[in-house]
Each structure stands twice: as C-alpha cells, then as structure tokens.
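Chemist: One structure is given below, represented as structure tokens, and several questions about it will come after.
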Amino acid sequence: QLQLVESGGGLVQPGGSLRLSCAASGFTLDYYHIGWFRQAPGKEREGVSCISSSDGSTYYADSVKGRFTIARDNAKNTFYLQMNSLKPEDTAVYYCAAGPCWALNYRYLEVWGQGTLVTVSS
C-alpha cells in the first residue's frame, strides 16, 4: 500500500517560516518525482514545487520562487518544503504527492497525502 503523510502545518504570521514534512510508506521515494501542491478554499489545486528523481532538477510556481525550497532525504524516505517569507495568500491546505510533477499539474499525480493546513495571518 502506497501512503504519504504530511505534517508541520499550522498558524504563522506574515513574514514567518514553516517547514512541512512528508513521510512515505509502502514504497521508496528514490524512484519517484515528488512534489507539493496546495488548495485554498474555493480554488483549484495548484502546483507549488517538484523535485526530479533523476537529475535532481527542481521546479517552482512563480508565486513561491525565492521563498520556498523543496528537498528530499531518501535515507528517511521523507521530503520537505521549507517556506520562508510567508504571505497571507499562501494560506491553503498543502498536499505532498509522488509522480510526474514537473509540470506542476495535479492531474498527473496518483499518490497523495491527506493534506496539512497552513494559515498565514496576523
């Protein structure tokens, strides 16, 4: 059984930082492209970031470039999203996912975590 579990969400002030984690079980992350997506209330799910399983290339949505960083720790079968300089518009449920995420299109992903809520507010 393939499973991803997110953690690390919460309430943070604008300009603050948060680190999300995604732990995999039932499969090895080494062989997968892995990424982060988010969905705000009433809006479509959007891609945030992706990291390749092959050459390590990273991809970021324009809205988060320079602020967010994706990383992986294959030894722990876990990957992360470091979020800095958070803005209120970053408020959303964040999901980790495994699959062909380089286009940041959620429709291509098949293995998803349950989501973790990030709220950016003063």
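The values are calculated or read from the model by the stated rules, or taken from the named source; none is laboratory data. Only a predicted model underlies this, so the values are computations on that prediction, with no experimental measurement involved. Glycine also receives a Cβ, built like all others from the backbone with ideal geometry; neighbour counts cover every protein chain displayed. Quick note on the areas: whole protein, heavy atoms, side chains included, nothing else; ligands and nucleic acids left out. Shrake-Rupley method; radii C 1.70, N 1.55, O 1.52, S 1.80 Å.
Chemist: When the stretch 29-38 is examined, which residues are found to be at pLDDT 90 or above and open to solvent by less than 60 Å² (accessible area, probe 1.4 Å)? Walk me through how you get there before you give the answer.
Modeler: Of the residues in the stretch 29-38, the ones at pLDDT 90 or above are 32-38.
Residues satisfying the conditions are HIS33, ILE34, GLY35, TRP36, PHE37, ARG38.
Chemist: If you scan the stretch 79-103, which residues turn out to be modelled with pLDDT under 95, surrounded by fewer than 21 Cβ atoms within 10 Å (Cβ to Cβ) and in contact with a strand residue (DSSP E or B) (Cβ under 7 Å, 6 or more places away or on another chain)?
Modeler: GLY99, TRP102
Chemist: From (1) over 11 Å from the mean Cα position of the chain (by Cα); (2) at pLDDT 95 or above, pick out the condition that doesn't hold for CYS22.
Modeler: For CYS22, the exception is condition (1).
Chemist: Contact list please: Cβ distance under 6 Å, first residue in the stretch 46-69 and closer than 20 Å to ARG19 by Cβ and open to solvent by 40 Å² or more (accessible area, probe 1.4 Å), second residue part of a strand (DSSP E or B) and β-branched (Val, Ile, Thr), pairs at least six apart or on different chains.
Modeler: Taking only residues 6 or more apart or on different chains, the pairs are THR58/ILE51; THR58/ILE70.
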